[in-house]
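The values are calculated or read from the model by the stated rules, or taken from the named source; none is laboratory data. Note that the structure is a prediction, hence the values are computed from the model and not measured. Cβ coordinates were reconstructed from backbone atoms using ideal geometry, including for glycine residues, and neighbour counts include every protein chain displayed. Heads up: the accessible areas ignore ligands, DNA and RNA and are worked out on the full protein's heavy atoms, side chains in. Shrake-Rupley method; radii C 1.70, N 1.55, O 1.52, S 1.80 Å.
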Amino acid sequence: MSPAVRTRTEALAALSSTPFDLLVIGGGITGAGIAREAALAGYRTALVERDDFAAGTSSRSSRLVHGGVRYLEHGHLGLVFESSRERRLLLELAPHLVRPLAFTWPVYAGARVPRWKVRAGLALYDALSLFRNVQRHEGLCAAGVLAAEPALTASALKGGARYWDAATDDSRLTLANALAARETGAVVANHTTVTGAVRLANGRLAGVAVHDRIGDAHFHVQARVVVNATGPWSDATAALTGETHGTQLLGSAGTHIAVPRSRVGNRDAVTIVSPLDGRVMFVLPAGPHTIIGTTERPAGRGPDDIRATETEVTYLLQNVNRLFGDASLTRDDVISAWCGIRPLAVARRGEVNANAASREHAVTHRPDGLVSVTGGKLTTYRAMAADVLVQATREFPASGAAPELARAARDSHRVPLPGGDFSSREAVAAQAGAVAHDHAVGEHLMRAYGTGWRRVWQYAVDDPALAPRIVPELPYVLAEVRHAVEHELVCTLSDLLVRRTHIAFETRDHGRAVARHLAPRMATYLDWSAEETARALSQYDADVTRLFAVDAV
């Protein structure tokens, strides 16, 4: 196993000069998970991402690691069983990034899903987790529902239930897998675009041509197996390296909005059945904000151009206003709105609709050696990675090392993600809060870095000017900026403000003022010239406009 490659310069040099066993294209949760599993199994592994880790769907989710209670209605029991197992494992492997979250499910008179059906479904939900969830569900009378979530509308409330899933930071969970792969010997690089295929004389895929978008350099990466894990871009990536991979994608677009939590009043998570059209959706706590979502519609645009619409924003607001009687949310309450594409694997386009489509994944193996993984969901990324490795290793000749590699892969569920080597969230948060003299900052440091919070805070110890918050009302501190550049592969302002932190989601200007404030500091850390700094600010403005602008329809 090769030593960890730390700097971008080292990574690019290694990519251009090292023959790899496995090259993963795509730095979302699936690709990062595959890279981690392959590195833990002892394979020489590389991971390239054209933008930043989690820049696509993996940073635009509901931020849940969940069994998938909505999937029970469609009979996807195998997926719920697999998701429930993975939820339990991730609560152990990354206790800082994956945290138990209580859900209250209120049932009103005339609801599409009656109270008995909710109870029956949640009993099955418990059973499919082998009764190893955080807690078993409990039925609630109307008074019990209001005791759990007092802001819910009391009129026509018949009762409900309370059950458990888990919350996560989707972009940092993705990053943790990429960093874990790097720590285990993989070479990882963001902002590195695949531009074509490298082939042997017999037509076999032997690697790819890439473009370093930061340094504007072109080179080849050699690999025995190339894995396409590019999510909504999977068809395009497969076509770039040859013919299509056989399984096409149904792009399902889903929109979320963030509003002040004080305006909604939810204590924990609430599962609601839309009084408008019967769709199951969530009202989720996110620090000082509430995330509401999601909608679902066929994606009429590519993943680079998909945005929320005013129609969807209005729909989400109306649903919450109907069930949280005092909320009276208006368009002005929306801090941010974003849309992502869920890649649903189907055999033929038009075969299923987005609402009924399974979130199960598909792995295909092209004759020239390209392995593609499509579909799936954030929660099951480890299972997807294991299935990909089964296909990928068929390209390798049998060797005496095979049993050891197989055992390493099988045991990877026992290896915590970076920062996850602790048993008490409360103790770690208390320690960080005491050192930072700020309880909210301590809680944030625990949730973002786990036991790695001390390395982050050391920057503030060495330079007290890095101890203050970046934004007064949010718990991020200036020390995280330098840490992100030096340890978390940050190359751009968007890397920092959209994905290493959620400042772009949590401020009404989507971090534009913060970007202007931090740009000189980033320029110092990344050795930007004045012209490069101006370009970085311009690119940030373009990025957040693309991500957070809301279309009329």
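So what's the net charge close to GLY110: Lys and Arg +1, Asp and Glu -1, counting the other residues with Cβ under 13 Å from its Cβ?
+4
Out of the total accessible area of the range 136-245 (probe 1.4 Å, heavy atoms of protein only), what percent is carbon and sulfur?
That share works out to 54 percent.
Along the Cα→Cβ direction, 7 angstrom out, place labels at GLN391 and HIS439. What is the inter-label distance in nm?
5.0 nm
Write down the accessible area per residue of the chain in Å², having rolled a 1.4 Å probe over the full set of protein chains.
Normalised by residue count, the accessible surface of the chain is 38 Å².
Provide the descending list of Cα extents for the range 23-125 along its principal axes, expressed in whole angstroms.
Taking the Cα atoms of the range 23-125, the three principal extents are 56, 27, 26 Å.
What order do you get for 328-338, 365-375 when each peptide is scored by the mean count of other beta carbon atoms within 10 Å, highest first?
Taking the mean over residues of other Cβ atoms within 10 Å, the ranking is 365-375, 328-338.
Report, to the nearest 10°, how far helix 29-40 tilts away from the longest principal axis of the Cα atoms in the chain, using its own Cα long axis and a range of 0 to 90°.
50 degrees
Calculate how steeply helix 530-548 sits against the longest principal axis of the alpha-carbon atoms of the chain, using the helix alpha-carbon long axis, and give the answer as 0 to 90 degrees to the nearest 10.
40 degrees
Each residue of the range 378-389 in turn: what ³J(HN,Hα) in whole Hz from Karplus with 6.51, -1.76, 1.60 and θ = phi - 60°, glycine and Pro shown as x?
Once θ is set to phi - 60°, the couplings for the range 378-389 become 3, 4, 9, 4, 5, 5, 4, 4, 4, 5, 5, 5 Hz.
Loop only by DSSP, 10 or fewer other Cβ within 10 Å of the Cβ. Give me the trypsin sites (Lys or Arg not before Pro) in the range 160-264 that pass, ordered by residue number.
When the trypsin sites (Lys or Arg not before Pro) of the range 160-264 are filtered for loop state and at most 10 Cβ neighbours within 10 Å, nothing remains.
State the percentage of accessible surface on the range 26-98 attributable to carbon and sulfur atoms; use a 1.4 Å probe and exclude ligands, DNA and RNA.
Of the solvent-accessible surface of the range 26-98, carbon and sulfur hold 49 percent.
Can you list the residues, at least 5 places off or on another chain, whose amide H is less than 5 Å from the amide H of ALA253, using H built in the peptide plane?
Excluding prolines and chain starts, which carry no amide H, the hits are ARG297, ALA299, ARG342.
Once you place label points 7 Å from the Cα toward the Cβ at TYR525 and ALA217, how far apart are they in nm?
Between TYR525 and ALA217, the simple spin-label model gives 2.2 nm.
Restricting to bridges with both residues inside the chain, how much of the DSSP beta-bridge set is antiparallel, in percent to the nearest 5?
80 percent
At R0 = 22 Å, how high is the FRET efficiency between GLU10 and ARG455 if r is their beta carbon distance? Nearest 0.05 is fine.
0.65
Out of ALA201, PHE324, VAL188, whose Cα points farthest toward the positive end of the dipole of the chain (charges: +1 Lys, Arg; -1 Asp, Glu; placed on Cβ)?
PHE324
Roughly speaking, to the nearest percent, how much of the range 434-492's 1.4 Å accessible area is carbon and sulfur?
Percent of accessible area from carbon and sulfur atoms in the range 434-492: 55.
Would you indicate which of [x] 24.9, 93; [y] 22.9, 73; [z] 24.8, 78 is the value of Rg and Dmax of the Cα atoms in Å derived from the coordinates of this structure?
So the calculated entry is the one marked [y].
For the range 99-247, give the magnitude of the charge dipole about the Cα centre (Cβ charges: +1 Lys/Arg, -1 Asp/Glu; no others), in debye to the nearest 20.
Once rounded to the nearest 20, the dipole reads 540 debye.
With a Förster radius of 41 Å, plug the Cβ-Cβ distance of ARG535 and ASP268 into 1/(1 + (r/R0)^6) and report the FRET value to the nearest 0.05.
That pair, ARG535 with ASP268, gives E of 0.45.
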